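Undergrad: Okay, handing you the structure first.
The values are calculated or read from the model by the stated rules, or taken from the named source; none is laboratory data. Note that the structure is a prediction, hence the values are computed from the model and not measured. Note: ideal-geometry Cβ built from the backbone for every residue, glycine included; neighbour counts use all protein chains shown.
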Amino acid sequence: MTEAGIHPFIQYLQSLAEAQDRGALSALRRGLGRPPGTVPEMYRYVEPRLAQKRSAAQESASYLIASLFAFHPLSTSKGNLGAHLASTLSPGGKDALERRFTALLAAHPDDLADALRQAISFLKSKDVPVNWNQLYWDVQRWDNEDRQVQKEWARAFWGQSQFNKESVDA
């Protein structure tokens, strides 16, 4: 981590977007819809930024986040994916978004890339920025037994206000 708390890999991706490096971003976007780490065009941009000793989860997360970031490089330093999706809620589309979000929370690690691609595509269509740093860490912890990432996203999406109101009314 750096002084600002942003992982160096995320800083690197942000630098590509700030420099408007269309070639790099195009190469990274080629990873969309493909298993992480299987697109040779991405290697030149991802491999030099990865530690020599890394877990499979770290490597997979790096390739996945690089492709998603290149697709939608709008960034924020606040919130998690649950909060980002919640920011788009409207009364008319609430049920459909909740169904998609619940499916995302239930995604098996093998299916996470596709589920995240759909979520990021939706956020891009709404011009909602993503906290890429948080998403990078969350993807690496997705398969933890305690499902903490999924709980944090759910808490951010549905919030505490409904629970607090019901507690006061009881």
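Undergrad: For the stretch 103-117, how many residues are over 20 Å from A57 (Cα atoms) and exposed (fewer than 13 other Cβ atoms within 10 Å of the Cβ)?
TA: 0
Undergrad: Are any residues in the stretch 29-42 among the aliphatic types (A, V, I, L, M) and within 15 Å of the chain's Cα centre (by Cα), and if so, which ones?
TA: L32
Undergrad: State which residue is nearest to E152 (Cα to Cα) when the search covers only the stretch 55-76 and only residues that are of a type in the set (S, T, N, Q) and touching a Phe, Trp or Tyr at 6+ places or on another chain (Cβ under 9 Å).
TA: T76
Undergrad: How do the helices (runs of 4 or more DSSP H) wholly within the stretch 1-55 filter down when requiring 1 or more residues that are touching a residue at least 40 places away in the same chain (Cβ under 8 Å): which remain?
TA: Hits in the stretch 1-55: 8-18, 22-29.
Undergrad: Among the residues of the stretch 32-45, are any closer than 26 Å to D127 by Cα and among the hydrophobic types (A, V, I, L, M, F, W, C)?
TA: yes
Undergrad: For the stretch 44-71, which positions are within 25 Å of Q148 (Cβ to Cβ) and surrounded by 17 or more Cβ atoms within 10 Å (Cβ to Cβ)?
TA: If the condition is that a residue be within 25 Å of Q148 (Cβ to Cβ) and surrounded by 17 or more Cβ atoms within 10 Å (Cβ to Cβ), then E59, S60, A61, S62, Y63, L64, I65, A66, S67, L68, F69 are the ones that fit.
Undergrad: Can you confirm whether F101 is in a helix (DSSP H, G or I), closer than 20 Å to A154 by Cα and at pLDDT 95 or above?
TA: Against the criterion (in a helix (DSSP H, G or I), closer than 20 Å to A154 by Cα and at pLDDT 95 or above), F101 qualifies.
Undergrad: Since S121 meets every condition but one in (1) buried (at least 17 other Cβ atoms within 10 Å of the Cβ); (2) touching a residue at least 24 places away in the same chain (Cβ under 8 Å); (3) part of a helix (DSSP H, G or I), which condition does it not meet?
TA: All conditions pass for S121, except number (1).
Undergrad: Suppose we filter D169, D143 for residues that are more than 21 Å from D95 (Cβ to Cβ), more than 19 Å from the chain's Cα centre (by Cα) and modelled with pLDDT under 95; which single one remains?
TA: D169
Undergrad: Also: On the basis of being in contact with a helix residue (DSSP H, G or I) (Cβ under 7 Å, 6 or more places away or on another chain) and farther than 25 Å from D21 by Cα, does A56 make the cut?
TA: The answer is no for A56.
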